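The values are calculated or read from the model by the stated rules, or taken from the named source; none is laboratory data. Because the structure is a prediction, the values reported are computed rather than measured. Heads up, the Cβs are rebuilt from the backbone with ideal geometry, glycines too, and the neighbour counts pull from every protein chain shown.
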Amino acid sequence: MSGIYFLLTVGISLCYGLMRIISLDQFLYYAVGAYMVYTVTTWTGSFWLGMLGAILATVVVAFVVERLIQRRVYSKPVMFSMILSFGVNLMGVGLIKYVWGLTPKPVSSPIGGSLNILGTNVPGYRIFVILLAVVVYIAVQYFLNRTILGTAIRAGIDDAEKVKALGINISRLFTITFLLSSALSALAGVIHAPFVMVSPEMGMSITAFAFMVVIIGGLGSIKGTMVSAIIVGQVVSLGALIWAPLAEMAPFLVMMIVLLIKPTGLYGSKLMHR
């Protein structure tokens, strides 16, 4: 669950860090990714082709949304992006219901078997999800810190106006960041699909936990998102073992404690204190 939370929320952090928008439509791309992997896997019999197809299809959808809708609110207060993207999310859920219906869809796990770790048999697919999240974290950090494009994005996060003054096409950076975020959200939906039945409301059901991850880690911080995802994932899992309702209550308690101690989140910028 920590790995899934990270993949879903890192896109939200990237969007806020660079564009100062809260992209609630990332939850739509998460659901689209899950439905597309179900569809392509059903057609081809290959989960891995389904993963590739789901990410590509979701990026196309995200590109259309970014071009027609999101770029109109980049310069407006953050509340505009929150309300607009929530509307996109609701419309997307309606389209999903129209195309795929209301019946939940199953997706089979592509990796069988298990590995004995300290006397406990851990399913192979769960280990794969954990390793995938680690690889994605390393890849994102490398991209942001070791590539020219990533450096431009980090500079834009620090001061978009200065980057624009240097002649860099900030609008193109916004588009690339949005599509990268959407691809990661789709990947989260793809890898979560074998754990749950794919349903139209699956994006809505994970929204509260995703926002807790973002808030605890600090908006705009990739490292904070990873650390927070680990914390929330463990709290949810251990809470469910102790007492089922605790799985939903405990993360809120953790969030309140963190915000009381550090209002900007664990790794949030001091500039975001307001």
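A few points about this structure:
- Meets criteria (of a type in the set (Phe, Trp, Tyr), in a helix (DSSP H, G or I), modelled with pLDDT of 85 or more and under 21 Å from Glu66 (Cα atoms)) for Phe209: no
- When Tyr29, Tyr74, Tyr5, Tyr16 are screened for being in contact (Cβ under 8 Å) with a residue 60 or more places away in the chain, under 13 Å from the mean Cα position of the chain (by Cα) and surrounded by fewer than 24 Cβ atoms within 10 Å (Cβ to Cβ), only Tyr16 passes.
- Per-region count, the range 232-253, residues in contact (Cβ under 8 Å) with a residue 40 or more places away in the chain and under 27 Å from Val140 (Cβ atoms): 6
- Residues of the range 121-145 satisfying the condition of being among the hydroxyl-bearing types (Ser, Thr, Tyr) and either modelled with pLDDT of 95 or more or farther than 19 Å from Ala183 by Cα (or both): Tyr125
- Leu219 fulfils the conditions (1) among the hydrophobic types (A, V, I, L, M, F, W, C); (2) buried (at least 19 other Cβ atoms within 10 Å of the Cβ); (3) part of a helix (DSSP H, G or I) except for a single criterion, (3).
- Test: residue in the range 72-79 that is modelled with pLDDT of 90 or more, at negative phi and of a type in the set (Gly, Ala, Ser): no
- Restricting the range 229-270 to residues that are small (Gly, Ala, Ser) and assigned to a helix (DSSP H, G or I), the residue that is surrounded by the most Cβ atoms within 10 Å (Cβ to Cβ): Ala229
- Test: residue in the range 77-87 that is under 15 Å from the mean Cα position of the chain (by Cα), assigned to a helix (DSSP H, G or I) and surrounded by 21 or more Cβ atoms within 10 Å (Cβ to Cβ): yes
- The residues in the range 89-129 that are of a type in the set (Val, Ile, Thr), in a helix (DSSP H, G or I), out of contact with any strand residue (DSSP E or B) (no Cβ under 7 Å at 6 or more places or on another chain) and surrounded by fewer than 17 Cβ atoms within 10 Å (Cβ to Cβ) can be counted, and the count is 1.
- Verdict on Phe63 being within 28 Å of Trp48 (Cβ to Cβ), out of contact with any strand residue (DSSP E or B) (no Cβ under 7 Å at 6 or more places or on another chain) and either at pLDDT 90 or above or not basic (Lys, Arg) (or both): yes
- Of all residues in the range 162-206, those satisfying the criterion of being charged (D, E, K, R) and either surrounded by 18 or more Cβ atoms within 10 Å (Cβ to Cβ) or part of a helix (DSSP H, G or I) (or both) are Lys162, Lys164, Arg172.
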